[in-house]
Amino acid sequence: MTRIVVVGSINMDLVTQAPRFVGPGETILGERFLTVPGGKGANQAVAAARLGAEVALVGAIGDDGFGQQLHGGLAVENINLDHLVRLNDSASGTASITVADGENQIIVVPAANDCVTPAHVEHAQSLIARADAVLVQMEIPLETVEATVRLGHRLGVPVILNPAPARALPAEWLKLARYVTPNQHELAILLGADPAEDFRNLMRLAPAPVVLTRGAEGAWYREQGEPAHQAGFNVDVVDSTGAGDTFNAALAVFLHEGLATAVRKACAAAALSVGKLGAQAGMPTLSEVEDLLAR
Ligand code: RIB
């Protein structure tokens, strides 16, 4: 069984489905409200577990009602929570999400996620040493992201760095990651480049191999030479929240099958994930991904 360690955020998502996004100072009537588990780290852990991997999550929750619900939801997915810290003096992370026409707007309040430290990552060293891949995103402190890529590199375990939400990072960190997985906007911010630049040129500038997500258009990937394209799968979109997390998780789970196959399966998994409201609701099982690929 593929072993994945995820270092990342855990949020309660407060999701409002609305006919459109609001402007400043405006009030409109929404259609539906849901309180559902999310956070990029937790989402990636859940997606990897549903795809059949043995998953451990390094992260933090508050000692509050949301924290209890989030812990329960992760336990149901059979995720190893030995390195999940419950903090007495912090609230759990939250994300206020508006979904309109399949697009989303998100405001994250990290709260407990800001207390995931390099020491937590070091503490999980023996687990990371046995992993086939490590996933890390950027809703936790950047020093913890750095500690994760450095530890993975030192142990010879591939780290997939999902640079979301985007911030510029030192080139040295990027070189330590096995793959960096931005969308076009995130890649431009990451490199301090012009967002209007052609994404294939940006990929050539990146100091590490890049797997670039393009939503419904699929993904591009480049280790050396010219970027290659994997087309997206045609599906009806209810809510794209968590599609990137599902993509990253599948990439990690299937990486041992080679990059081209992993990207194809990641595109299929991400496509299946957008059919339901809520980040984790549509995340597919392995057999659902195989069914889509066989169609
Ligand atoms: O990637 C989607 C996630 O981003 C949501 O679940 C939300 O919690 C934010 O972290």
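Out of contact with any Cys (no Cβ under 8 Å at 6 or more places or on another chain) and either within 15 Å of the ligand (Cβ to nearest atom) or under 13 Å from residue 51 (Cα atoms) (or both) - does that describe any residue in region 204-224?
Taking region 204-224 first, the residues out of contact with any Cys (no Cβ under 8 Å at 6 or more places or on another chain) are 204-217, 220-224.
Subsequent filtering for residues that are either within 15 Å of the ligand (Cβ to nearest atom) or under 13 Å from residue 51 (Cα atoms) (or both) retains 213, 215.
Checking region 204-224: at least one residue is out of contact with any Cys (no Cβ under 8 Å at 6 or more places or on another chain) and either within 15 Å of the ligand (Cβ to nearest atom) or under 13 Å from residue 51 (Cα atoms) (or both).
Applying the set (1) farther than 30 Å from residue 20 by Cα; (2) of a type outside the set (Ser, Thr, Tyr); (3) touching a strand residue (DSSP E or B) at 6+ places or on another chain (Cβ under 7 Å) to residue 123 leaves exactly one unmet item: (3). As for region 46-62, it holds at least one residue that is under 18 Å from the mean Cα position of the chain (by Cα) and either of a type in the set (S, T, N, Q) or surrounded by fewer than 20 Cβ atoms within 10 Å (Cβ to Cβ) (or both). Residue 145 meets the conditions (1) surrounded by fewer than 24 Cβ atoms within 10 Å (Cβ to Cβ); (2) closer than 28 Å to residue 220 by Cα in every case but one. The failed one is (1).
Does residue 99 meet the test of being surrounded by 21 or more Cβ atoms within 10 Å (Cβ to Cβ) and away from the ligand (no atom under 14 Å from the Cβ)?
Details: surrounded by 21 or more Cβ atoms within 10 Å (Cβ to Cβ): yes; away from the ligand (no atom under 14 Å from the Cβ): no.
The answer is no for residue 99.
When you look at residue 47, is it out of contact with any Cys (no Cβ under 9 Å at 6 or more places or on another chain), small (Gly, Ala, Ser) and over 18 Å from residue 282 (Cβ atoms), yes or no? Judged against the criteria, residue 47 is not a match. For first residues located in region 187-210 and closer than 17 Å to residue 244 by Cβ, partners that are at pLDDT below 90 and surrounded by fewer than 18 Cβ atoms within 10 Å (Cβ to Cβ) and lie 6+ apart or on another chain with Cβ distances below 8 Å form the pairs 188/195; 189/195.
Taking the criterion of being closer than 21 Å to residue 35 by Cα, in contact with a helix residue (DSSP H, G or I) (Cβ under 9 Å, 6 or more places away or on another chain) and assigned to a loop (DSSP other than H, G, I, E, B), the residues of region 271-295 that qualify are 274, 279, 280, 281, 282, 283, 284.
Of the candidates 85, 134, the single residue that is among the hydrophobic types (A, V, I, L, M, F, W, C), surrounded by 14 or more Cβ atoms within 10 Å (Cβ to Cβ) and in contact (Cβ under 8 Å) with a residue 60 or more places away in the chain is 134.
Are there any helices (runs of 4 or more DSSP H) wholly within region 157-270 with 2 or more residues that are of a type in the set (Val, Ile, Thr), and if so which? If you could, list the steps in order and put the result at the bottom.
Details: elements: 171-176, 184-191, 199-205, 243-254.
Per the criteria, 243-254.
The values are calculated or read from the model by the stated rules, or taken from the named source; none is laboratory data. From a predicted model like this one, the values you see are computed outputs, not experimental measurements. Backbone-built Cβ (ideal geometry, glycine too); neighbour counts: all protein chains shown.
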